[in-house]
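Worksheet for the structure shown next.
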Amino acid sequence: MNAPDKADLSRHGIGTPLSRVDGVDKVTGQAKYAAEYKVAALLHGVAVGSRIAKGRILGIDERAARAVPGVVDVLTHRNRPKQAWLDRNWKDELSIPGDPFKALHDERILFAGQPIAVVVAQTFEAARFAASLVHIAYEDEAHNIDFQASLAEKFLPSQLKRRNSYHAPKNRGDADGAFENAALKVEGDYHLATEHHNPMEMHASTVEWHGDGRITVYDKVQGSQNTQQYLANAFGLGAKNVRVVNAYVGGAFGSGLRPQWQVQLATMAAIHLQRSVRVVMTRQQMFSHAHRPECTYSIKLGAEPSGKLVAMVNDATTSTSRFENNMEDIVVWGMMNYDCPNASGEYTIAPRDTYTSADMRAPGAATGMTLFEIAADEMAYRAGIDPLQFRLLNYSEIDAMNGTPFTSKALREAYAQGAARFGWERRSAAPRSMKEGRELIGWGVATGMWDAQFSKTSARATLSADGRLEVASASSDIGTGTYTVMTLVAADTLGIPVDRIVSTLGDSDLPSAPVEGGSWAAASTGAAVQLACQSVAKRLLVAADKVDGRPLGGARSIDEVVFANGRVSLKADPSRSVGIVEAMRAAGLDKIEEEETASPGIGGMISTALKSRNTHSAVFCEVRVDEELNQVRVTRVVNAVAGGRIINPKTARSQILGGVVMGIGMALHEETFADKTLGRWMNHNYAEYHVPAHADIQDIDVIFVDEHDSEVSPLGVKGLGEIGIVGTAAAVANAIFHATGKRVRSLPITIDKLLASEPEATPAGR
């Protein structure tokens, strides 16, 4: 499976670029995704979705569906197998306070598209056709999917009903009073539309029935052990009877953090029929579950004539469902990042009759930091100073909200390196002052910020007598490059060429690992792999002592030796070395196998309490706007990232590129429209839900700022999956203002919004 670069395979380690070791399997079709596993006697299930947004099922007519040749059964709430009734049995590792959704549980309808039946047939085609024939009689109730209308019901959940990942803002000073007395003021309402996760691979589950009460579930999910425990509890199966495999995941972006409804349907159908069953969501059905919440954010900024901030007042609301309280960190980012003596934040959630909103790449920060950075840009222009200089003027060396130092913060360096690469010194200050032909040119800048997290993770390392190494963990690779990270860390620790290392993951039977998300996988899984390989190294040192002549002179610590090129050498005398294969042969070992767990420990927990852990970025953007048509092209982006130690610069760059592309989508394209009358999402397809295409993406330049951090994680890794998107949309929006003089506070910025706006009068820049 592991196909490395054709360069010197013996010299790869942490910090060297390496192509994805799983790349060959993916491009040759050997990689198997959830809906591709060959399972004997497989049945296919197709879900029937509710046509109403709220109400009850009065009756279900299945006769026409059951008459279709090849149909085996139709499952509804009336004939489904037994499942848990208590909500606590449906809670997963990342559960949200409230009542978790249980497919086919009863007659209640909570959202449009809710699965209310599943037709199971010998073929997918028969199941799909039969599903279209199921007739449902409803009792329709008044619903609301309109976010603006839902604001009338906004609330802050009680302490016991909040997500444990939510951080309440900590107010300081007198923000309202300072704003009223400020010499310069910016006040506005900023908005981000609902966005839906649209990974290439749709959610799918193949449940293999083994005939003895055991099942193997091939699932599109970001955490195999989370789904294992979830299914065991929900259906009373026992964890030992459930194996979940997610070796390959075709993108997720947070949509697979929690088990989605297709795995519920596939599992209950398999239990009911005692057969293997596969359920795959259609692209339309992908709009029936997780999505980034819509947000409205009121921001007030006050400053001295110099542009020095004296007040920030933040008030944001995001959407959730009526059955779960999804909450995100929206208002804290500006309060943390900027030096301002008076700051306040308020946050509420607004319920509507949809599925629960959910984490989507950089949840909270991609929304809150982006909208705040647009407001910060407004203040820079209000003060008549360069937007980059404004950010440096208000730079905070510490976490200004919590009053704690950062484990590291190289944002100042990111500003400097990004500006130099972009050529920011050539910027003309005044909006509408840069033009080429019929296109107005705009340059914008914004700041990115995300959490640097480290989670308890286990890994196993197995060294064979022939010098081959396997490293394994239940961790996931959702396109982030975890396979490659594990390989490089192992190669770095034991000095084994990468073509002799196999990385195995995505299986609940492997050593324990948390759900992959939040940019913690590289730091956490990498640390676990390093520990396991170090334990192997210690046993190798003992084995090397059995070699005739004791070339290593009885070295007792791995700190006394160097592992490289499949050999162990003394640091003090590199000429004295032992081959790994030679050492194992001398000790009579067929293999060395060690499992270790990386955990923050007491020291890590103390450090977390006393210091803030974050990645930072400086994003520079160039846009060109057709003056007549108001069409926007993003022509250049430079993203300078301070993300700690970089394990693999090649895949790390890819992570930032992907984040930037999603940020461009947030700025210009992505928006899910609601049909308020029917209570449905209208543009549930790629024809009408727009994401950036190849033609929309031009030059993206990524800089990794050198940043050493010995506290954030054992490897000094901060994680990169999220930081690429944070701030990108703001940089685009700010560049559009510089090009046009039109300040659009609602994302995405579309042609109609630009046409409806008028250029603003701004002070002369200085």
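A few comments on the model shown:
- Computed magnitude of the charge dipole of the chain (debye, nearest 20; Cβ of K, R +1, Cβ of D, E -1): 1060
- Computed [θ] at 222 nm, helices only, for the chain once each DSSP H run of length n ≥ 4 contributes -39500 (n - 2.57): -7500 deg cm²/dmol
- Each of Lys571 and Ser710 was given a label point 7 Å from its Cα along the Cα-to-Cβ line. The distance between the two points is 1.4 nm.
- Top positive-direction residue, dipole computed over the chain with Cβ charges, set Gly423, Gly719, Val536: Val536
- A simple spin-label model places the labels of Arg550 and Asp675 8.2 nm from each other, with each point 7 Å out along Cα-to-Cβ.
- For Asp626 and Arg421, a Förster radius of 25 Å and the Cβ-Cβ distance give a FRET efficiency of 0.40, rounded to the nearest 0.05.
- 18 Å Cα-Cα threshold exceeded, pairs from Lys456/Lys718; Lys38/Lys240; Lys54/Lys676; Lys26/Lys718; Lys38/Lys220; Lys538/Lys591: Lys38/Lys240; Lys26/Lys718
- Relative packing of 273-282, 37-46, 139-148, which averages over residues the other C-beta atoms within 10 Å, highest first: 273-282, 37-46, 139-148
- Most to least packed among 511-518, 93-100 [average Cβ atoms within 10 Å]: 511-518, 93-100
- Normalised by residue count, segment 1-136 yields a Cα convex hull volume of 198 Å³ per residue.
- Set of aspartates and glutamates near Lys409 by C-alpha distance (under 16 Å), chain-local residues within fewer than 8 positions excluded: Asp339, Glu397, Asp399, Asp451, Asp706, Glu707, Asp709, Glu711
- Residue-count net charge about Lys54 - beta-carbon cut-off 11 Å; Lys, Arg +1, Asp, Glu -1: 0
- Net charge in the neighbourhood of Thr28 (other residues with Cβ under 15 Å of its Cβ; Lys, Arg +1, Asp, Glu -1) is 0.
- Segment Glu36..Asn683, full-extension length gain: 230.1 nm, with 0.36 nm per residue of separation and the alpha-carbon distance subtracted.
- The eigenvalues of the Cα gyration tensor, multiplied by 5 and square-rooted, give segment 563-625 an equivalent ellipsoid with semi-axes of 44, 24, 15 Å from largest to smallest.
- Inter-part distance, segment 29-61 to segment 272-300, computed on C-alpha centroids, equals 13 Å.
- Zero-based 10 Å bins, Cα pair distances in segment 662-764, whole percents: 12, 31, 28, 19, 9, 1
- The alpha carbon convex hull volume per residue for segment 567-695 rounds to 341 Å³.
- Candidate lysines for bridging to Lys742, where Cα separation is under 25 Å - those fewer than 8 sequence places away on the same chain excluded: Lys185, Lys300, Lys308, Lys435, Lys753
- Peptide packing for 372-379, 615-622, 69-76 was compared via the average number of neighbouring C-beta atoms within 10 Å per residue; ordered from the highest value, the list is 615-622, 372-379, 69-76.
- Extension gain from Ser746 to Lys82, taking 0.36 nm per residue of separation minus the Cα-Cα distance: 234.4 nm
- Kirkwood-based shape ratio for segment 153-233, expressed as Rg/Rh from alpha carbons: 1.23
- For segment 351-472, the dipole from Cβ point charges (+1 on Lys and Arg, -1 on Asp and Glu) about the Cα centre works out to 220 debye, to the nearest 20.
- Whole-number Å³ per residue for the convex hull built on Cα positions in the chain: 167
- Were the residues from Asp99 through Ile697 laid out at 0.36 nm apart, the gain over their Cα-Cα distance would be 211.2 nm.
- Label-to-label distance, Asp339 versus Glu560, with points set 7 angstrom from Cα along the beta-carbon direction: 5.1 nm.
- Surrounding net charge for Met662, when Lys and Arg each add one and Asp and Glu each subtract one, Cβ distance under 14 Å: -4
- Alpha-carbon centroid distance for the pair segment 228-246 / segment 479-549, whole angstrom: 27
Only the coordinates and a few stated rules stand behind these numbers; no lab work does. From a predicted model like this one, the values you see are computed outputs, not experimental measurements. Every residue, glycine as well, gets a Cβ built from its backbone with ideal geometry; the counts of neighbours run over all protein chains shown.
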